[in-house]
Amino acid sequence: MTPTPFSSLLIANRGEIACRIMRSAREMGLRTIAVYSDADADAPHVQMADTACRLGPAPAAKSYLNIERIIDAARDTGAEAIHPGYGFLSENARFATACAEAGIVFIGPAPDAIALMGDKAKAKQRMIAAGVACVPGYHGTDQSDKALIRMAGEIGFPLMVKAASGGGGRGMRLVERERDLAGAVKSARSEAENAFGAGDLILERAILRPRHVEIQIFADRHGHVIHLGERDCSVQRRHQKVLEEAPCPVMTSALRQKMGAAAVKAARDINYLGAGTVEFLLDSDGAFYFLEMNTRLQVEHPVTEMVTGRDLVALQIHVAQGEALGFSQDDVVMSGHAIEARLYAEDVGQEFLPAAGPVDLWRPATGVRIDAGIATGGAVSPYYDPMIAKLIAHGRSRDEARRKLITALKRTTLFGVATNKSFLIDALERPAFVKGEATTAFIAEAFSNEDLAAPKLGAEDAACAAVLLYDAAAKHALAQSVCVSSVLINWSSATKITTPYRFNNSGATLDLNVTPVGPMQYHVEHEGRTIAVEAVTIDRHEAILSVDGARQGVLFNLPDDAVHARIQTSIDGRDFDLKNLNAIIASTTDSAGAGAVVAPMHGMLVEICVAPGQKVARGERLAILEAMKMQHELHAEIDGTVTDIHFDAGVQISANALIMEITAAE
């Protein structure tokens with residue numbers, strides 16, 4: 001179809017990329033339209049858009065991959081153009097064709113270019129014909145196991161077995177020995193069929209320890225094709241990128257010119273339009289080989305934006321409207337260095353297994369660019385990709401960008417679901433990465449299983465958590481009192497009250513006792529050691545604590561403000577979700593229910609007003625607790641019979657201590 005200016009844009013995607021596209025579209029004055037599945041009804045990208053349209057149930061096949069439903073949504077909302085983002089339908093030629101047939105502008109290349117470069121075998125054949133160097137391998141049509149095994153013998157080992165369609169590491173196997181080939185072919189074919197609906201495979205000689213370097217290209221309808229430099233995406237796990245940067249640490253002007261020229265040649269050869277990425281493997285001798293071409297915007301595009309100062313999404317939209325790029329290759333200048341970290345919801349210690357769960361608290365750091373698609377109170381869905389945010393730091397030098405990114409990760413809070421945050425910090429601090437020497441083998445070579453295990457809770461970490469729980473309980477008690485000054489917090493007319501805390505983390509149990517010794521000052525006992533903790537400042541989700549004289553910033557969240565038995569903390573980039581096993585939580589104790597009578601605060605149990613076996617009515621007085629110079633009556637919340645009384649009158653008890661239990665009347 002003939003390109004024409006448009007004023008409305010539907011984003012056929014979700015999460016952080018949908019939000020990122022909307023930002024540029026809005027700056028250009030376009031009306032933005034979101035689509036969503038039932039799992040995303042309240043997601044940030046839906047809230048951000050001018051209009052939103054439901055696609056269907058949560059599974060992607062019934063929502064974000066449903067071409068007919070997305071086209072209907074575009075018609076229903078008056079969308080004149082569709083941006084596919086990345087993933088889902090972004091490299092689906094049938095979707096691009098459907099947009100054209102519906103008279104809707106597709107923000108991307110022509111369907112034939114998508115189809116060609118989406119088939120790895122055909123793409124390699126086309127690039128070889130165009131004179132672009134490719135890794136030696138087999139890209140033939142005979143897909144029998146016998147043919148693949150025969151060709152593997154000619155190529156030699158080690159080699160890669162890859163799905164001919166799709167990407168993201170699915171359908172990809174490294175085979176180092178001939179005896180492992182048959183099993184690798186079978187599993188790769190099965191995975192490819194499940195992921196892409198096609199089981200065709202290609203074989204390539206494995207280049208061990210290469211760098212994964214890609215060139216960002218752009219082409220318009222006026223014959224202009226340029227590149228915007230390279231990105232190094234070598235740090236990967238399971239063939240999924242984790243850290244990306246621009247420029248490549250080992251790039252030279254001469255090498256950039258050669259790789260850029262090869263990428264531009266590849267794009268010209270297929271009459272490409274819009275944004276694309278040509279990916280190469282770069283070996284230690286400076287030789288590079290065509291890997292594949294992604295016919296869409298890349299996840300890591302922000303690092304290119306940071307070093308070139310150009311909005312790639314805006315460029316995509318301008319080109320789709322028929323405009324010229326407006327600049328030449330000589331105008332492309334790279335300034336400084338940018339590094340991106342992908343924040344995944346995953347259990348690093350369980351082989352980076354994707355995770356799902358609630359977003360109890362999301363507080364991104366300031367000072368760096370953050371592209372995210374989550375919000376406090378939301379959830380990470382099990383139906384979609386586990387990447388939930390990207391942090392991008394720019395600096396005058398590579399090391400400045402690296403240090404800024406580490407600081408930002410440590411200052412970013414995501415509680416409620418497991419993430420790879422501490423792993424990212426560790427990777428950025430590893431000597432090989434610091435020196436710019438990371439290859440695709442970096443994670444396998446630099447990290448042991450022990451390195452990938454969850455952070456261990458130390459005594460100082462636990463002391464910080466216990467003091468914050470103690471402080472929260474004291475402030476809650478103060479709020480429940482009448483006309484009591486805050487200066488009385490931690491004051492006692494009797495002996496100091498010591499409160500026990502027990503935390504379990506990674507199978508280890510830590511027992512601590514917290515004793516206030518002055519205003520905002522505490523002694524925390526652990527295995528005969530006394531840790532002095534002073535609360536310098538405590539805000540809602542952030543505290544500065546002095547631990548044995550050393551100041552420590554702590555980000556934290558109390559999931560249940562009324563109970564104060566659970567706390568989520570982030571200390572120097574290490575995240576913990578801790579429950580005080582000594583606390584009895586009445587609201588969640590199945591056996592006792594509302595019959596559990598707990599102390600609402602620290603204090604002296606002055607009087608027990610009932611006896612075991614006594615029947616009581618709802619509202620009847622059960623005990624009297626003295627705290628902060630006031631007496632507080634505890635009343636029955638249900639009708640029933642007193643079954644157990646755990647304390648005698650005249651003793652000091654801590655907040656959340658179980659005083660007695662009542663069995664409900666039938």
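Some observations on this one:
- Taking segment 526-568 as the range and being within 14 Å of Tyr470 (Cα to Cα), out of contact with any Gly (no Cβ under 9 Å at 6 or more places or on another chain) and either among the small types (Gly, Ala, Ser) or buried (at least 16 other Cβ atoms within 10 Å of the Cβ) (or both) as the test, the residues that pass are Val533, Ala535, Ile538, Phe556, Leu558, Ala562, Val563, His564, Ala565, Arg566, Ile567.
- Taken over segment 66-91, the criterion of being under 27 Å from Lys120 (Cβ atoms) and either surrounded by fewer than 18 Cβ atoms within 10 Å (Cβ to Cβ) or among the hydroxyl-bearing types (Ser, Thr, Tyr) (or both) is satisfied by Ile67, Tyr86, Ser90.
- Enumeration of residues in segment 354-407 that are more than 26 Å from Gly87 (Cβ to Cβ) and hydroxyl-bearing (Ser, Thr, Tyr): Thr366, Ser397, Thr407
- Residue within segment 373-393 that is in a helix (DSSP H, G or I) and out of contact with any strand residue (DSSP E or B) (no Cβ under 7 Å at 6 or more places or on another chain) present: no
- Residue count for segment 93-103 satisfying the condition of being polar (S, T, N, Q) and either surrounded by 21 or more Cβ atoms within 10 Å (Cβ to Cβ) or touching a residue at least 60 places away in the same chain (Cβ under 8 Å) (or both): 0.
- Matching option when the condition is assigned by TED's automatic domain parsing to the domain that holds Gly377 and not hydroxyl-bearing (Ser, Thr, Tyr), among Ala473, Ala477, Ala466, Ala438: Ala438
- Qualifying residues in segment 168-198 (those that are among the hydrophobic types (A, V, I, L, M, F, W, C) and assigned to a strand (DSSP E or B)) - the one farthest from Thr440 (Cα to Cα): Val175
- Helices (runs of 4 or more DSSP H) contained in segment 104-167 and holding at least 2 residues surrounded by 15 or more Cβ atoms within 10 Å (Cβ to Cβ) and modelled with pLDDT under 90: 120-129
- Top-ranked residue in segment 215-248 [being of a type outside the set (A, V, I, L, M), in contact with a helix residue (DSSP H, G or I) (Cβ under 8 Å, 6 or more places away or on another chain) and more than 24 Å from Asp283 (Cβ to Cβ); ranked as surrounded by the most Cβ atoms within 10 Å (Cβ to Cβ)]: Phe218
- Failed criterion for Ala427 (all others in (1) in contact with a strand residue (DSSP E or B) (Cβ under 8 Å, 6 or more places away or on another chain); (2) outside any helix (DSSP H, G or I); (3) modelled with pLDDT of 90 or more hold): (2)
- Any chance Gly260 is in a helix (DSSP H, G or I), of a type in the set (Gly, Ala, Ser) and either free of Cβ contacts under 8 Å to residues at least 40 places away in the same chain or touching a Gly at 6+ places or on another chain (Cβ under 8 Å) (or both): yes
- Test for Val303: is it modelled with pLDDT of 95 or more and part of a strand (DSSP E or B): no
- Within segment 591-666, strands (runs of 3 or more DSSP E) holding 3 or more residues that are closer than 16 Å to Ile497 by Cα and modelled with pLDDT under 90: 603-608, 621-627, 651-653
- Close Cβ contacts (under 7 Å, 6 or more residues apart or on different chains) running from residues in segment 524-551 that are farther than 13 Å from Ala462 by Cα to residues that are in a strand (DSSP E or B) and basic (Lys, Arg) comprise Val536/Arg551; His541/Arg363; Ile544/Arg551.
- Taken over segment 430-458, the criterion of being closer than 13 Å to Gln236 by Cβ, aliphatic (A, V, I, L, M) and not in a loop (DSSP other than H, G, I, E, B) is satisfied by Ile443, Ala444, Ala446.
The values are calculated or read from the model by the stated rules, or taken from the named source; none is laboratory data. As the structure is a computational prediction, the values presented were derived from the model and not from experiment. For neighbour counting, all protein chains shown are included, and Cβ atoms are generated from backbone atoms with ideal geometry for every residue, glycine included.
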